[in-house]
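The values are calculated or read from the model by the stated rules, or taken from the named source; none is laboratory data. Note that the structure is predicted; figures quoted are calculated from it, not measured. FYI the Cβ positions are ideal-geometry reconstructions off the backbone, even for glycines, and counts take in every protein chain you see. Just the protein is used for accessible areas: all its heavy atoms, side chains included, with ligands, DNA and RNA removed. Shrake-Rupley method; radii C 1.70, N 1.55, O 1.52, S 1.80 Å.
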Amino acid sequence: MKISEKPGSVTANKSAREFIVTWDDGHVSKYPFGLLRAACPCASCRGGHENMKPEPDEAVFSRQLGDSPSTRLANVVAVGSYALTIVWEDGHDYGIYNWHYLRTLCPCAECRGGR
Amino acid sequence: MDLRPYLNRWVILGALGIAGFLLLVTLILIGWTSPRFAPDVGFAPADLTMIPAPTHTPNILPTSTLDPVSAAATPEVDVIAAGGYVQINGTEGDGLRIRSSPGLNADTVFRGEEAEVFIVREGPQTADGYAWWYVVAPYDETRAGWAASEFLAVIPPP
Ligand SMILES: [Zn+2]
Ligand SMILES: [Zn+2]
């Protein structure tokens with residue numbers, strides 16, 4: 001089946017510190033908040049516009065961020081129909097996570113195995 | 001027919017009031033019956049669920065007389081030690097320079113991110129007024145180097 005980049009639902013579980021996207025094709029992606037923050041797609045977190053590609057850097061998967069205001073999700077805001085902005089408790093809110101980026105960020109064994 | 005006696009100011013004001021009221025009613029009805037602005041969004045904020053964090057209830061320890069033997073056996077929590085876990089803390093989001101050897105003049109191997117977790121391998125060594133620990137990222141052996149303890153917070157093993 002073709003990989004869907006259309007989300008069915010999005011859940012930010014602050015209790016489990018986990019961000020869950022259920023995709024239209026039935027796949028469920030579970031992102032620990034630390035991974036989501038490590039993969040913040042904004043220009044300043046990615047080291048400038050010249051380093052920005054549509055997929056996450058491979059390095060974000062080997063970084064482990066623990067609990068801190070910078071990895072505590074404060075709010076999620078829809079950006080039109082194509083993306084989400086995540087607001088962190090340290091005030092950082094520049095990252096616009098589009099669906100393609102989130103789908104390629106899925107850390108599950110099935111998605112990571114293909115790399 | 002002479003209408004002038006009927007055209008006093010109250011009649012005019014009343015007519016204006018009724019006209020305004022009818023206009024308002026019309027606008028409300030149009031607003032209710034016209035279709036909502038609903039393009040094919042595919043994803044609407046309604047598809048978003050927020051589950052709040054549990055309200056933090058501090059662990060109130062029972063006031064008991066500590067058994068001196070078990071108290072001595074309890075490892076201290078806030079001390080950095082080889083084999084323990086630490087997290088970069090207090091860099092205001094700037095991250096922390098992880099260096100090739102202890103000391104402020106050593107080369108920066110990479111910049112650890114605020115909140116990034118490391119395993120402590122060895123140390124401490126003192127240099128330039130700081131205690132330095134050799135730390136390694138749990139999932140990337142190449143992400144390793146010396147870090148000043150000033151910006152490391154002890155965390156429990158994940
Ligand atoms: Zn960012
Ligand atoms: Zn996946």
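Being touching a helix residue (DSSP H, G or I) at 6+ places or on another chain (Cβ under 8 Å) and open to solvent by 40 Å² or more (accessible area, probe 1.4 Å) is a description that applies to A:Tyr82. Just so you know, in segment A:76-90 the residues that are touching a residue at least 40 places away in the same chain (Cβ under 8 Å) and within 16 Å of A:Lys14 (Cα to Cα) include one that is nearest to the other protein chains (Cβ to nearest Cβ), and it is A:Val76.
Take the conditions surrounded by fewer than 17 Cβ atoms within 10 Å (Cβ to Cβ) and more than 8 Å from chain B (Cβ to nearest Cβ) and apply them to A:Tyr101. Does it pass? No: the conditions fail for A:Tyr101. Looking at segment B:117-158, the strands (runs of 3 or more DSSP E) lying wholly inside it that each contain 2 or more residues that are open to solvent by 70 Å² or more (accessible area, probe 1.4 Å) sit at B:117-127, B:140-148.
Just one of the listed residues (A:Val60, A:Val77, A:Val87) is open to solvent by 40 Å² or more (accessible area, probe 1.4 Å) and touching a Leu at 6+ places or on another chain (Cβ under 8 Å), and it is A:Val77.
The residues of segment A:63-72 include none that are within 13 Å of ligand 1 (Cβ to nearest atom) and either surrounded by fewer than 21 Cβ atoms within 10 Å (Cβ to Cβ) or on the phi > 0 side of the Ramachandran plot (or both).
Taking every residue in segment A:43-61 that is farther than 19 Å from B:Gly112 by Cβ and among the charged types (D, E, K, R) and pairing it with any residue that is open to solvent by less than 40 Å² (accessible area, probe 1.4 Å) and away from ligand 1 (no atom under 11 Å from the Cβ), at least 6 positions away or on another chain, the pairs with Cβ-Cβ distances below 7 Å are A:Glu55/A:Tyr101; A:Glu55/A:Thr104.
Anything in segment B:102-124 that is acidic (Asp, Glu) and within 29 Å of A:Glu89 (Cα to Cα)? List them, or say none. Hits for segment B:102-124 are B:Glu113, B:Glu114, B:Glu116. Only one entry of A:Tyr31, A:Tyr82 meets the criterion of being of a type in the set (Ser, Thr, Tyr), away from ligand 1 (no atom under 12 Å from the Cβ) and over 27 Å from B:Leu96 (Cβ atoms), and that entry is A:Tyr82.
The condition of being in contact with a Phe, Trp or Tyr (Cβ under 8 Å, 6 or more places away or on another chain) and either within 12 Å of ligand 1 (Cβ to nearest atom) or open to solvent by 50 Å² or more (accessible area, probe 1.4 Å) (or both) does not hold for A:Pro107. Among the residues making up segment A:5-18, those that are at the interface with chain B (Cβ under 9 Å from one of its Cβ atoms), part of a loop (DSSP other than H, G, I, E, B) and either over 14 Å from A:Ala78 (Cβ atoms) or open to solvent by less than 30 Å² (accessible area, probe 1.4 Å) (or both) are A:Lys14, A:Ser15, A:Ala16, A:Arg17. Out of contact with any strand residue (DSSP E or B) (no Cβ under 6 Å at 6 or more places or on another chain) and away from ligand 2 (no atom under 16 Å from the Cβ), is that true of A:Ser68? In short, yes.
Kindly establish whether B:Thr49 is modelled with pLDDT under 90 and of a type in the set (Val, Ile, Thr). No; evaluated as a whole, the condition is false for this residue. Within segment A:14-31, identify whether any single residue is among the acidic types (Asp, Glu), within 16 Å of ligand 2 (Cβ to nearest atom) and under 14 Å from the mean Cα position of the chain (by Cα), and answer yes or no. Taking every residue of segment A:14-31 in turn, at least one turns out to be among the acidic types (Asp, Glu), within 16 Å of ligand 2 (Cβ to nearest atom) and under 14 Å from the mean Cα position of the chain (by Cα).
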